[in-house]
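One structure below.
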Amino acid sequence: FKNELKPDSKDAIDQLAAGGCKNLMLTGDHILTAISVAKECSFMPAEAKVLRSVSIGGEATLASIEWQDMADNTQKLDLKEDSIELVMLGEIWRKLPVADQTILLPYVRIWARTSPTDKLEVIKLIVAKGHITSMCGDGGNDCGALRAAHVGVALSDSEASIVSPFTSLNKTCMSVVDTLRNGRGCLATSFACYKYLIMYGQIETVNQVINAYFSITFCEWSWVFMDGFWVVTMFSTLGFAKPASKLSSVRPPSNLFGAYTMGTLVGVLLIHFFFIVIALGALFSQPWFQCRIWDPDSADLGDVFGISDNYETAVIFLVSGAQYLSSAMALNFGHKHRQPWIYNKYFVALLVVFIVIQLHITLTPSWLSCVFHINCEGSMSMPGVLDPCPHPIGNPWNTTVMPVSFRWALFGIIVANTVAVMCWEYLVILGPVGAWIRSKRPRKPSLLRSKPAERASEQREPARSWA
């Protein structure tokens, strides 16, 4: 008799190992069968020293277990020895006290001749040690472990599929890879959407403060685009990013207030604020520019149509409007857990439409620019969102048209702002700069993944990892 591997089992195990996971086996088969299958699919490192438990003395303690190597030679267990992998019999494991099980846990790769209860207790112990655990199985004897794991994947349509959160359609271990790949992609996408909503709120807060300082505001259609079209569509299509085709060796961040999230928010916000200041400074330095002077006792300040028609509002809207789009562009990078930027086709299509609109109203006076009261003559005024009657430009000059040279200067500021934001996210947060910073503060190794010399200490708190 031969226990054949499924065609993609080895590939699935290799991908999980490359994805930063440690693979463990819980089986009811004979201990030698389990070791043979493990070697066939490269389940254990080739250079590992494999010891299997044979028997246990009268007193069930770690010291009373008899160990043999693969040549059937009795061996003394030395947990400080490098590259050691243990194979445990279920009947021996269940006799050990929890303290001894905890000591052996980082070194055991395979549990053989296990009962359903043995599988359940092993999974519960791994979870109790703080490790994020996935379990796959195809029979009723796996139900308890599938339910106890954080992520259970049933490889059959039998009773295991009833208790497991996920059921494999192709009944192979590759479904575990797909589950993890999609899970990491979803987490990375959720963080991108979260950061975009926070960034939207911060950009709008800066706009509101500047508007309040100058006693101005945006026109109705500008508010509709900022609070409606841009935010809703960019946020929604960011979530359409598909997971990466392969597992990354690192896990996505899971802390909403961690360095990864705050680095993006603080860095991008400062860049945006810097370019808003640059744009307003360029406007104030123009010889043709004349600041709108408001009479404190005048009723003009209560006229939304009147205080929205000025050059300050036009500049703030053009630059900050591009910032809404560039922030979404920066957060659409696939990095290691999502597919590359261009593959989010719905996002890209909408982004192209919005960029064309933004550049058109920046550079060309037309009926479309008049919708936003930008680059608009009084004779070309357009109706508002709620009021169908056209309103003339509400300033003493009856125009908001800016000189061509200044329009192109604004275009250059918008492009520079976009490039700076993209470089910050791609090179600093996600790229080599961020990698260098992370290397200076590495995560503590997991008990299931660390070297023997490191994991022997029970004083260190284990990191959370997939098993």
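Candidates in the stretch 396-414 are the residues that are without any contact (Cβ under 8 Å) to a residue 24 or more places away in the chain and open to solvent by less than 60 Å² (accessible area, probe 1.4 Å); of these, the one that is farthest from Leu318 (Cα to Cα) is Thr399. Can Val127 be described as of a type in the set (A, V, I, L, M), modelled with pLDDT of 90 or more and open to solvent by less than 50 Å² (accessible area, probe 1.4 Å)? Here the answer is yes, as Val127 does meet what is asked.
One residue alone among Ile92, Ile110, Ile126 is under 25 Å from Cys41 (Cβ atoms), touching a residue at least 24 places away in the same chain (Cβ under 8 Å), assigned to a strand (DSSP E or B) and not charged (D, E, K, R), and that residue is Ile110.
Each residue in the stretch 94-118 was checked for being aromatic (Phe, Trp, Tyr) and modelled with pLDDT under 95, and 1 pass.
Conditions (1) in a strand (DSSP E or B); (2) in contact with a Cys (Cβ under 9 Å, 6 or more places away or on another chain); (3) without any contact (Cβ under 8 Å) to a residue 60 or more places away in the chain; (4) surrounded by 15 or more Cβ atoms within 10 Å (Cβ to Cβ), marked per residue:
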site: Ala38; (1), (2), (3), (4): no, no, no, yes
site: Ala46; (1), (2), (3), (4): no, no, yes, no
site: Ser53; (1), (2), (3), (4): yes, no, yes, yes
site: Glu59; (1), (2), (3), (4): no, no, yes, no
site: Trp67; (1), (2), (3), (4): yes, no, yes, yes
site: Glu81; (1), (2), (3), (4): no, no, no, no
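Conditions tested, residue by residue: (1) aliphatic (A, V, I, L, M); (2) under 19 Å from Ile92 (Cβ atoms); (3) in a strand (DSSP E or B).
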{"residue": "Gly28", "(1), (2), (3)": "no, yes, no"}
{"residue": "Ile35", "(1), (2), (3)": "yes, yes, no"}
{"residue": "Ser42", "(1), (2), (3)": "no, no, no"}
{"residue": "Val50", "(1), (2), (3)": "yes, yes, yes"}
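Only one of the listed residues (Val163, Val176) is more than 30 Å from Thr264 (Cβ to Cβ), more than 16 Å from the chain's Cα centre (by Cα), buried (at least 20 other Cβ atoms within 10 Å of the Cβ) and among the hydrophobic types (A, V, I, L, M, F, W, C). That residue is Val176.
Each row is one residue, and each column tells you yes or no for (1) over 28 Å from Ile307 (Cβ atoms); (2) of a type outside the set (Phe, Trp, Tyr); (3) surrounded by 16 or more Cβ atoms within 10 Å (Cβ to Cβ).
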| site | (1), (2), (3) |
| --- | --- |
| Gly201 | no, yes, no |
| Asn207 | no, yes, yes |
| Ala212 | no, yes, no |
| Cys219 | no, yes, yes |
| Ser236 | yes, yes, no |
| Gly239 | yes, yes, no |
| Asn255 | yes, yes, no |
| Gly263 | yes, yes, yes |
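Pairs are defined by a Cβ separation below 7 Å, a sequence spacing of at least 6 or placement on different chains, a first member in the stretch 262-285 that is on the phi < 0 side of the Ramachandran plot and touching a residue at least 12 places away in the same chain (Cβ under 8 Å), and a second member that is outside any helix (DSSP H, G or I) and aromatic (Phe, Trp, Tyr); the pairs so defined are Leu283/Phe289. Could you go through the stretch 245-259 and let me know if any residue there is in a helix (DSSP H, G or I) and either among the charged types (D, E, K, R) or under 30 Å from the mean Cα position of the chain (by Cα) (or both). Yes, because at least one residue in the stretch 245-259 is in a helix (DSSP H, G or I) and either among the charged types (D, E, K, R) or under 30 Å from the mean Cα position of the chain (by Cα) (or both).
Does Glu121 satisfy the condition of being at pLDDT below 90 and either part of a strand (DSSP E or B) or open to solvent by 20 Å² or more (accessible area, probe 1.4 Å) (or both)? Spelling it out, it is not the case that Glu121 is at pLDDT below 90 and either part of a strand (DSSP E or B) or open to solvent by 20 Å² or more (accessible area, probe 1.4 Å) (or both).
With respect to being within 25 Å of Val232 (Cβ to Cβ), of a type in the set (Gly, Ala, Ser), at pLDDT below 95 and surrounded by fewer than 20 Cβ atoms within 10 Å (Cβ to Cβ), Gly378 falls outside the description. Which of the residues spanning the stretch 205-222 are in a helix (DSSP H, G or I), over 15 Å from Ser326 (Cβ atoms), in contact (Cβ under 8 Å) with a residue 12 or more places away in the chain and out of contact with any Ser or Thr (no Cβ under 7 Å at 6 or more places or on another chain)? Ile210, Phe214, Glu220, Trp221, Ser222 - these are the residues of the stretch 205-222 that are in a helix (DSSP H, G or I), over 15 Å from Ser326 (Cβ atoms), in contact (Cβ under 8 Å) with a residue 12 or more places away in the chain and out of contact with any Ser or Thr (no Cβ under 7 Å at 6 or more places or on another chain). Of everything in the stretch 147-161 that is outside any strand (DSSP E or B) and touching a helix residue (DSSP H, G or I) at 6+ places or on another chain (Cβ under 8 Å), the residue that is nearest to Ala12 (Cα to Cα) is Leu155.
The values are calculated or read from the model by the stated rules, or taken from the named source; none is laboratory data. Computed from a predicted structure; not experimentally measured. Don't worry about glycine lacking a Cβ; one is built from the backbone with ideal geometry, like all the others, and counts go over all protein chains shown. The protein model used for the area step is the full one, side chains on, heavy atoms only, and it has no ligands, DNA or RNA in it. Shrake-Rupley method; radii C 1.70, N 1.55, O 1.52, S 1.80 Å.
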